[in-house]
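To keep things clear, I will list the structure first and then write my remarks on it.
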Amino acid sequence: MFRIFLICWFTGVAMFAQTDSWERLRAVPVGIATHVHTRDGRTLKGELAGVEGNVVVLRKNLADRLVDRADIVKVSVRKPSKRWRNGWIGAGIATAIVLTAVFQSSGDLESIRFLIGGTALYAGAGFGIGALIPGYETVYKARRK
């Protein structure tokens, strides 16, 4: 039974890995912030102006740039904003670090007060760091040759 499960699992993973995501790239709305990673190591940034045939059209500063599919390694688009969620995760991590330091402290009341007083500062810094990091989602990844 376990062998059948493994065979089905690996077959499904292999089939998923072989699916071409170019159609998924075509479905991305025009005007979204996009990063195109090319085979020569460059990252082109701009707004997606469209996908025409085997070409991605990027717009930056009112100029269109055409990038052929053969030159593309990966295309990433900006995900919908989740900055509030990321900020709260950062604040939670910072608070957990401070509380761990409180429980690991020597028991000196002054150091515990200092750590607890700094919790708001650390949580605020964690919130800021979490909120500043934008997320990008890969919508196209070229097959290895």
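The values are calculated or read from the model by the stated rules, or taken from the named source; none is laboratory data. A quick note: this is a predicted structure, and the numbers were derived from the prediction, not measured. A quick note on method: Cβ atoms are made from the backbone with ideal geometry, for glycine too, and the neighbour counts reach across all protein chains shown.
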**Q.** Failed item, numbered, when ARG143 is tested on (1) out of contact with any Phe, Trp or Tyr (no Cβ under 8 Å at 6 or more places or on another chain); (2) in the same structural domain as ALA33 (by TED's automatic domain parsing)
**A.** (2)
Q: Within the range 71-117, track down each residue that is among the small types (Gly, Ala, Ser) and surrounded by 11 or more Cβ atoms within 10 Å (Cβ to Cβ).
A: SER76, SER81, GLY87, GLY90, ALA91, GLY92, ALA94, ALA96, ALA101, SER105, SER111
Q: Being out of contact with any helix residue (DSSP H, G or I) (no Cβ under 9 Å at 6 or more places or on another chain) and either hydrophobic (A, V, I, L, M, F, W, C) or modelled with pLDDT of 80 or more (or both) is the filter here, so list the residues in the range 87-119 that pass it.
A: ALA96, THR100, PHE103, LEU109, PHE114
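Every residue, every condition in (1) in the same structural domain as VAL30 (by TED's automatic domain parsing); (2) closer than 30 Å to LEU25 by Cβ; (3) not aliphatic (A, V, I, L, M), yes or no:
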residue	(1), (2), (3)
VAL51	yes, yes, no
ILE72	yes, yes, no
TRP88	no, no, yes
THR95	no, no, yes
VAL98	no, no, no
PHE103	no, no, yes
ALA120	no, no, no
GLY128	no, no, yes
GLU137	no, yes, yes
Q. Is the range 110-128 home to any residue that is in contact with a Ser or Thr (Cβ under 7 Å, 6 or more places away or on another chain), in a loop (DSSP other than H, G, I, E, B) and not aliphatic (A, V, I, L, M)?
A. no
